[in-house]
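Chemist: My questions will all concern the structure given below.
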Amino acid sequence: MNLVIADMLRRYRLDSQADYTRALREILQEVALLGLWRAKFFDGAAFYGGTALRVLYGLQRFSEDLDFSLLAPDRGFDLGGYADSLEREIRAFGFDVQMVADSSKEGAVRSAFLKADTIKELISIEATPEVVRGIPRGKLIKIKLEIDTEPPPAFGTEIRYLLQPVPFAVRVYESADLFAGKVHALLFRKWTARVKGRDWYDFVWFAGNRPDVHVAHLEQRMRQSGHWQGDEPLTDHVVRGLLDEAIASLDVERARREVEPFLQDPVSLDLWSREFFREVARRVRFV
């Protein structure tokens, strides 16, 4: 096993097949970020979303995707231009992955998948035979990369640093803009009958750790999605009203069930109720 990967594995509690698979996925995500940095990807793009919160800010929730935004609109952007760099970087650490473009996406979002054979990669990180035997043959680890090629304006970015697998830098949305994006998702992301409990979990994390929401960026996101129109600027009073409505209609139990598989210790979910979320919302600040 690569010694650097062995050091990264020491961060994890590895008691089950799920623990090994999660650790492998998260390590592959971080190596992919390193590959993108080496390819100068972050000169024109920024990291955001749940995985950015976990990797750079310590969110205690597993996240499957790598979400990015261009710094300026470019409908001609092609993620495939980074395939060779990503594959080369990940293979240098002993993994065998392939980047495959997702042709099903249309509009402003470009997508691709990093795919790896689960059994082969678990063997490479020396998972126990019992763990490996429990994985069906042909099962793939898939890491989805998505990039918004028409980002809404009025956001800022900052450079943050990771020290593993080697020291490198990642451009990421400023936290108040990350929170604005999360509030937009919480209010307007439609999942048919499914409740996105992960959005509510992240909402609580933001309120407790980085409670500022950048209203101007939230307004631009709402204008882009058609949820705010006219000449009047968005106000915190309007946003608080929208949050109250969302909380009033929230199916708390379904939200709890949706996020639970993404947590190592779901005990905090016992607190969830509409009154709990109302109290959390009162702690949010609008800037």
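The values are calculated or read from the model by the stated rules, or taken from the named source; none is laboratory data. Given the structure is predicted, the values throughout are model-derived calculations rather than measurements. Cβ sites come from the backbone with ideal geometry, for glycine too, and all protein chains shown count toward neighbours.
Chemist: Return yes when Asp270 is modelled with pLDDT of 95 or more, surrounded by fewer than 18 Cβ atoms within 10 Å (Cβ to Cβ), among the acidic types (Asp, Glu) and under 23 Å from Lys190 (Cα atoms) and no when it is not. Full working, then the answer.
Modeler: On the way: modelled with pLDDT of 95 or more: yes; surrounded by fewer than 18 Cβ atoms within 10 Å (Cβ to Cβ): yes; among the acidic types (Asp, Glu): yes; under 23 Å from Lys190 (Cα atoms): no.
For Asp270, the condition - modelled with pLDDT of 95 or more, surrounded by fewer than 18 Cβ atoms within 10 Å (Cβ to Cβ), among the acidic types (Asp, Glu) and under 23 Å from Lys190 (Cα atoms) - is not met.
Chemist: Tell me whether segment 140-148 contains one or more residues that are in the same structural domain as Glu30 (by TED's automatic domain parsing), of a type in the set (A, V, I, L, M, F, W, C), over 21 Å from Asp199 (Cβ atoms) and not in a strand (DSSP E or B). Steps first, answer last, please.
Modeler: The first filter runs over segment 140-148 and keeps only residues in the same structural domain as Glu30 (by TED's automatic domain parsing), leaving 140-148.
Those still in the list that are of a type in the set (A, V, I, L, M, F, W, C) too: 140-141, 143, 145, 147.
With the extra rule that they be over 21 Å from Asp199 (Cβ atoms), the set shrinks to 140-141.
Restricting the remaining residues to those that are not in a strand (DSSP E or B) gives none.
No, because not a single residue in segment 140-148 is in the same structural domain as Glu30 (by TED's automatic domain parsing), of a type in the set (A, V, I, L, M, F, W, C), over 21 Å from Asp199 (Cβ atoms) and not in a strand (DSSP E or B).
Chemist: Which number in (1) among the β-branched types (Val, Ile, Thr); (2) touching a Phe, Trp or Tyr at 6+ places or on another chain (Cβ under 7 Å); (3) touching a residue at least 40 places away in the same chain (Cβ under 8 Å) marks the one condition that Val287 misses?
Modeler: (2)
Chemist: Name the one entry in Arg110, Arg137 that is touching a residue at least 24 places away in the same chain (Cβ under 8 Å), in contact with a helix residue (DSSP H, G or I) (Cβ under 7 Å, 6 or more places away or on another chain) and not small (Gly, Ala, Ser).
Modeler: Numbers: Arg137 fails: touching a residue at least 24 places away in the same chain (Cβ under 8 Å).
Unique residue meeting the criteria: Arg110.
Chemist: Residue under question is Ser63, and the condition is that it be in contact with a Pro (Cβ under 6 Å, 6 or more places away or on another chain) and buried (at least 20 other Cβ atoms within 10 Å of the Cβ); does it hold? Steps first, answer last, please.
Modeler: Details: in contact with a Pro (Cβ under 6 Å, 6 or more places away or on another chain): no; buried (at least 20 other Cβ atoms within 10 Å of the Cβ): yes.
No: the conditions fail for Ser63.
Chemist: For the structure I just gave you, tell me whether Thr128 is of a type in the set (S, T, N, Q), over 18 Å from the mean Cα position of the chain (by Cα) and on the phi < 0 side of the Ramachandran plot. I'd like the intermediate steps shown before the answer.
Modeler: On the way: of a type in the set (S, T, N, Q): yes; over 18 Å from the mean Cα position of the chain (by Cα): yes; on the phi < 0 side of the Ramachandran plot: yes.
Taking the combined requirement at face value, the residue satisfies it.
Chemist: Further question on the same structure: Checking Glu150 against (1) in contact (Cβ under 8 Å) with a residue 60 or more places away in the chain; (2) under 27 Å from Ala23 (Cα atoms), which single condition isn't satisfied?
Modeler: (2)
Chemist: Tell me, yes or no, whether segment 129-136 has at least one residue that is of a type in the set (A, V, I, L, M), part of a helix (DSSP H, G or I) and in the same structural domain as Tyr57 (by TED's automatic domain parsing).
Modeler: Of all residues in segment 129-136, those of a type in the set (A, V, I, L, M) come to 131-132, 135.
When the remaining residues are screened for being part of a helix (DSSP H, G or I), the result is 131-132.
Now drop any that are not in the same structural domain as Tyr57 (by TED's automatic domain parsing), which leaves 131-132.
Taking every residue of segment 129-136 in turn, at least one turns out to be of a type in the set (A, V, I, L, M), part of a helix (DSSP H, G or I) and in the same structural domain as Tyr57 (by TED's automatic domain parsing).
Chemist: Another question, if that's okay. In segment 77-126, how many are among the β-branched types (Val, Ile, Thr), over 20 Å from Asp148 (Cα atoms) and loosely packed, with under 15 Cβ neighbours inside 10 Å?
Modeler: Our first condition is that a residue be among the β-branched types (Val, Ile, Thr); within segment 77-126, this holds for 90, 97, 100, 109, 118-119, 123, 125.
Remaining after also requiring over 20 Å from Asp148 (Cα atoms): 90, 97, 118-119, 123, 125.
From the residues that got through so far, the ones that are loosely packed, with under 15 Cβ neighbours inside 10 Å too are none.
Residues meeting the conditions: 0.
Chemist: Inside segment 101-125, can you point out the residues that are more than 20 Å from the chain's Cα centre (by Cα) and farther than 19 Å from Ile90 by Cα? Outline the logic, then answer.
Modeler: Here is the first cut: in segment 101-125, the ones more than 20 Å from the chain's Cα centre (by Cα) are 103-104, 106-107, 117-125.
Within segment 101-125, Ser103, Ser104, Glu106, Gly107 qualify.
Chemist: Take Ala52 and tell me if it is over 25 Å from Arg210 (Cβ atoms) and among the small types (Gly, Ala, Ser). Give the derivation first.
Modeler: Values: over 25 Å from Arg210 (Cβ atoms): no; among the small types (Gly, Ala, Ser): yes.
Considered against the rule, which asks whether it is over 25 Å from Arg210 (Cβ atoms) and among the small types (Gly, Ala, Ser), Ala52 comes out as no.
Chemist: Further question on the same structure: For residues that are crowded, with 22+ Cβ neighbours inside 10 Å and not hydrophobic (A, V, I, L, M, F, W, C), scanning just segment 1-47, find the one that is farthest from Lys142 (Cα to Cα).
Modeler: Looking at the filtered set, the residue picked out is Gly35.
Chemist: Would you check which residues across segment 38-82 are of a type in the set (Lys, Arg) and part of a helix (DSSP H, G or I) and list them?
Modeler: First pass over segment 38-82, keeping only residues of a type in the set (Lys, Arg): 38, 40, 54, 61, 75.
Those that are of a type in the set (Lys, Arg) and part of a helix (DSSP H, G or I): Arg38, Arg54.
Chemist: Okay, next question. Which members of segment 149-160 meet the condition of being in a loop (DSSP other than H, G, I, E, B) and on the phi < 0 side of the Ramachandran plot? So that I can check it myself, show each step before the final result.
Modeler: Within segment 149-160, the subset in a loop (DSSP other than H, G, I, E, B) is 149-156.
Of everything in segment 149-160, those that are in a loop (DSSP other than H, G, I, E, B) and on the phi < 0 side of the Ramachandran plot turn out to be Thr149, Glu150, Pro151, Pro152, Pro153, Phe155, Gly156.
Chemist: Now, a different point. Please name all residue pairs, on different chains or six or more residues apart, with Cβ atoms under 9 Å, provided the first residue is in segment 1-22 and is under 10 Å from Ala127 (Cα atoms) and the second residue is in a helix (DSSP H, G or I) and among the acidic types (Asp, Glu).
Modeler: Taking only residues 6 or more apart or on different chains, the pairs are Gln17/Glu130.
Chemist: Now for a different question. His217 is checked against (1) surrounded by 14 or more Cβ atoms within 10 Å (Cβ to Cβ); (2) out of contact with any Asp or Glu (no Cβ under 9 Å at 6 or more places or on another chain) and fails just one. What number does that condition carry?
Modeler: (2)
Chemist: Show the residue pairs that are 6+ apart or on different chains and have beta-carbon atoms under 7 Å apart, the first residue being within segment 255-281 and closer than 12 Å to Phe203 by Cα and of a type outside the set (A, V, I, L, M, F, W, C), the second being at pLDDT 95 or above and assigned to a helix (DSSP H, G or I).
Modeler: Filtered contacts from segment 255-281: Arg278/Ile247.
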